[in-house]
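Report on the following structure.
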Amino acid sequence: MNTLAIDKAIAKVPFLAESKNVKKIPLSGGITNLNFKIEADGRAYVIRLAGEGTDQLGIKRDVEHAANKAAGQLGIAPEVMYFIEPEGYIVTRFINGKRIMPEEIVKPEYLARVAQKLRLFHRNALKLKGEFNVFRRVEMLTKVSKGKGANFPHDWDFIIKKMREAEKASLRDPYVPTPCHNDLLNLNWLDEEVAGDIGELRLLDWEYAGMGDIFFDLGNFSHHHRLNEEQIRIFLTSYFGEMTPKHYARLRIMWAMSELHEAMWGTTQTVISKLEEDFQGYANLWFGRYRMHVTDYRWERWLKDVGRKGK
């Protein structure tokens, strides 16, 4: 099926369809989508085949395309070369880059580069036609997964109670919807390799992009990389020029909400995905991390600090 799908995709891209010498190489790393490196006429591209059923995860391919295109123009993501419709497959330039290991990306130099890339996108990307509000997304994923009979934790009422506390506190000073990436796991970062020079940091996979809260991006990166207190300080200072109690509290609250979102993503995948992955184990891991966060002795203080007036 994959070979057929990639051949059909290639046939719909004019500059590939006309090429006499096309090589297809599967790329590893994705869970919900299939990626292929395509070599043709001395150039290399990536074609991303959208996974089945991903619309049930709230993914809109036209929004992904717009976000990836904007990020490519800003030098943040690989540039979009073509959009295959109606399938929603994206063709980008192939970046010759290396993965940045989790223990490397948390070093001060990388944290500063990550913060600058996120800030560049947040401040300069055009408005996107999709929303990413973590509270509404958790509700949406809950509805989809409950409707299909997914397993829910025994303390679900407590989990939701803590989410409501976070939303209520955040609404005392609502965020300004901003173009965000919303899925900053380690595999989505590449360090471009340029002979004899330092390459750009590149950010892949824009399928969850939408108008959201910049602190969700900051918290999402932080939770995926398990930042410690000093790393959080460097990260926030690189982004804002300083770290205030309010910045810190907003990051911490969104870190927890990002963990809940991850858990609900896993829960939903247990009932919609056909892949042989332990999505239940993944969900359980993130529910556990969420519980740790919302029972931290500082939780009440963060709820107070989030609503502070000013910074």
inquiry  = Just checking, does region 286-303 include any residue being in contact (Cβ under 8 Å) with a residue 40 or more places away in the chain, closer than 24 Å to GLU139 by Cβ and among the polar types (S, T, N, Q)?
reply    = no
Scanning region 261-284 for residues that are of a type in the set (Phe, Trp, Tyr) and within 25 Å of GLU167 (Cβ to Cβ), the one nearest to the chain's Cα centre (by Cα) turns out to be TRP265
Taking region 58-98 and the residues there that are touching a helix residue (DSSP H, G or I) at 6+ places or on another chain (Cβ under 7 Å) and aliphatic (A, V, I, L, M), the one that is modelled with the lowest pLDDT would be ILE84
Here the qualifying pairs (Cβ atoms under 7 Å; residues six or more apart or on different chains; first in region 211-222 and over 17 Å from ASN124 (Cα atoms); second small (Gly, Ala, Ser)) come out as PHE216/SER258; GLY219/SER258; ASN220/SER258
With criteria (1) in contact with a helix residue (DSSP H, G or I) (Cβ under 7 Å, 6 or more places away or on another chain); (2) under 30 Å from LYS168 (Cα atoms), LEU120 comes up short on (1)
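Scan region 143-161 and tell me whether some residue there is touching a Gly at 6+ places or on another chain (Cβ under 9 Å), at negative phi and either of a type in the set (Lys, Arg) or in contact (Cβ under 8 Å) with a residue 12 or more places away in the chain (or both). Talk me through it step by step, then tell me what you get.
First, the residues of region 143-161 that are touching a Gly at 6+ places or on another chain (Cβ under 9 Å): 144.
With at negative phi added as a condition, the list becomes 144.
Still in the list and also either of a type in the set (Lys, Arg) or in contact (Cβ under 8 Å) with a residue 12 or more places away in the chain (or both): 144.
Within region 143-161, one or more residues are touching a Gly at 6+ places or on another chain (Cβ under 9 Å), at negative phi and either of a type in the set (Lys, Arg) or in contact (Cβ under 8 Å) with a residue 12 or more places away in the chain (or both).
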Residues in region 235-281 that are in contact with a His (Cβ under 7 Å, 6 or more places away or on another chain) and surrounded by fewer than 19 Cβ atoms within 10 Å (Cβ to Cβ) total 1
All-but-one check, ILE198 against (1) surrounded by fewer than 19 Cβ atoms within 10 Å (Cβ to Cβ); (2) in contact with a strand residue (DSSP E or B) (Cβ under 6 Å, 6 or more places away or on another chain); (3) farther than 30 Å from ARG308 by Cα, failing number (2)
Q.
Whether any residue in region 160-167 is modelled with pLDDT under 95, surrounded by fewer than 21 Cβ atoms within 10 Å (Cβ to Cβ) and assigned to a helix (DSSP H, G or I) is what I want to check.
A. no
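Looking at region 57-101 only, could you name the residues that are in a helix (DSSP H, G or I) and crowded, with 18+ Cβ neighbours inside 10 Å? Spell out the reasoning first.
Narrowing region 57-101 to residues in a helix (DSSP H, G or I): 57, 61-73.
Matches in region 57-101: LEU57, ARG61, VAL63, GLU64, HIS65, ALA66, ALA67, ASN68, LYS69, ALA70, ALA71, GLY72.
Across region 115-127, what is the number of residues that are touching a residue at least 60 places away in the same chain (Cβ under 8 Å) and within 14 Å of GLN73 (Cβ to Cβ)?
The total comes to 3.
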| said: For the structure I just gave you, tell me whether ASN182 is modelled with pLDDT of 95 or more, closer than 21 Å to HIS223 by Cα and surrounded by 12 or more Cβ atoms within 10 Å (Cβ to Cβ). | reply: yes
Among the residues of region 176-198, the number that are part of a strand (DSSP E or B), in contact (Cβ under 8 Å) with a residue 60 or more places away in the chain and touching a helix residue (DSSP H, G or I) at 6+ places or on another chain (Cβ under 8 Å) is 2
How many residues of region 186-223 are among the β-branched types (Val, Ile, Thr) and modelled with pLDDT of 95 or more? The answer is 1
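The values are calculated or read from the model by the stated rules, or taken from the named source; none is laboratory data. What you are looking at is a predicted structure, and each value in this text was computed from that prediction instead of being measured. Counting neighbours? That spans all protein chains shown, and the Cβs are built from the backbone with ideal geometry, glycine included.
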